[in-house]
1. With a Förster radius of 30 Å, plug the Cβ-Cβ distance of ARG46 and ASP194 into 1/(1 + (r/R0)^6) and report the FRET value to the nearest 0.05.
2. Report the net charge of residues surrounding LEU58, where surrounding means a beta-carbon distance below 10 angstrom and charges are Lys +1, Arg +1, Asp -1, Glu -1.
3. Listed here are the pairs LYS56/LYS265; LYS140/LYS262; LYS63/LYS280; LYS171/LYS223; LYS176/LYS242; LYS29/LYS97; which of them are more than 21 Å apart at the Cα?
4. Which Cys in the chain stand alone, with every other cysteine's Cβ at 4.7 Å or more from theirs?
5. Roughly how far apart, in whole Å, are the Cα centres of the stretch 64-101 and the stretch 196-210?
6. Please compute P(r) over all alpha-carbon pairs of the chain, binned at 20 Å starting from zero, and give each bin as a whole-number percent.
7. Rounded to the nearest 0.05, what FRET efficiency do LYS29 and GLU165 have when you use their Cβ-Cβ distance and R0 = 45 Å?
8. Rounded to the nearest 10 degrees, what's the angle between the helix 35-45 long axis and the longest principal axis of the chain, both from Cα atoms, 0 to 90?
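Coordinate-derived values only; no laboratory data. What you see is a predicted model; the values in this text were computed from it and never measured. Glycine also receives a Cβ, built like all others from the backbone with ideal geometry; neighbour counts cover every protein chain displayed.
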Amino acid sequence: MLPVIEQLYQLPSFRKEVVSIDDDFFAGKNLEDSVLYQLKATFKSRESFDKPLNIKALANSIKKPEGGRMGENELIDVQEFINIFFDALESEVKGSKYQSLLENSFGGFLSYELISKGCSHSNYRSELFYTLGLTIRNFKNVNESLANFVEGEIIEEFLCDDCKEKKDYLKRTVIKNSSNHLIFTLKRVEFDLDTFTNTLNGEYFELPLTLNIQSYTQQHLSKNLGQKKDNDEESKEQYNSKPSSEFEYKLAGVIVYQGTMKYGKYYSVAQNREDGTWHKFDQKEISKFDPNDLPAETFGGKQSQNTCAYVAIYDRIAPEDQKDD
Ligand SMILES: [Zn+2]
C-alpha cells in the first residue's frame, strides 16, 4: 500500500486538501479508526522528501473486507487496495464539507450510452469514476486500449420503448469529463480458463509520456456521430467551452510490480510536481529516478525479469482551477 500513498502524497492539490482538513472534523471520532485522520497525520509527519512515509498507523486504520486490519507490508493487489482505500475515505467525508475530496483530484464521469440508429430515442447515463481500468491483452499502448474501450458494439433489433419498434443501437461507454489526475489501472492479472487460476500478463504495454484523450470523449464522439443530444444540454455546454488543452495529459507517476503471480513487490516511480524531478520509492528507500528509464522499468515485455506497470497516473498539463476555490 505504500506505493499508492506515495503517489497520492506527490499530488500537491490533494495533499494540501488532506492536510488542511480541520481537526474539528475529527472531534468525537475514534482516531485510530479514521483513515482520513491517519492519512492527514501521515502526510503531515513526513520530515523530508527523501524519508519514506511511515504508514503503520494509516494501515491499521484500514479495515479489510474479509475482516481484520491492513498491515503496512501486506502484499495486496494494488487495484483492490485503491478501491478499499478510496471507499474508506469516501464514506468518511460523505455529507460533509469535504465530500468532494476525491472528486476534486480524481473524479471524472463516464457516459453509458445506448444510441438509436433509427430514431431519436437514445439513452444516456452518467457515472462517477476515480480510476479507469485498461485492458492490456491485444493492445500495445494506452491509446489503442482507450480506443477499444469507447468503441462499443451494435445491438441489433432492440425494442425502442417510445416507438414500440425494433431499432439498431450503438451501445458504448465514453469519457464525459475527466479530472486533473487520471488514474489508469492496467488489467495485468488475467484469469486463465484452462487452469482456473489468475496469471500475470507481463507483455509490453506502452505508457505514452503525453496523452491526448479528446478522441475518447463524449464531446468528440457525439460530433462524429452527428448526434444531437437534447437531454444533456448542461454537460454539453460545459464540455464545448473547454479548450483543447483540457484533454492533454502527461505521465507523472507509475506503480510498478516486480515478480511473479505469487511472489513480488510493488514500488512507485513518480515526479515531484513542485520541482519536476523523478524518484523511485522502493520499500524503505527513495532514490533519484531517470524518466528515460520509464520504458525499461514500466512497459513490461521483458522475458528475463517480470517488471511492469500496474497503475499509471497522468496529470492534466494545464490544470483547471479547483472547483471549490
Ligand atoms: Zn424510438
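1. My answer for the efficiency is 0.05.
2. So the surrounding residues net to +1.
3. LYS140/LYS262; LYS63/LYS280
4. If one checks each Cβ against the other cysteines of the chain, CYS119, CYS308 turn up with nothing under 4.7 Å.
5. Here the answer is 25 Å between Cα centres.
6. Per 20 Å bin, starting at 0, the Cα pair percentages come out as 29, 55, 16, 0.
7. 0.20
8. With both axes taken from Cα atoms, the answer is about 50 degrees.
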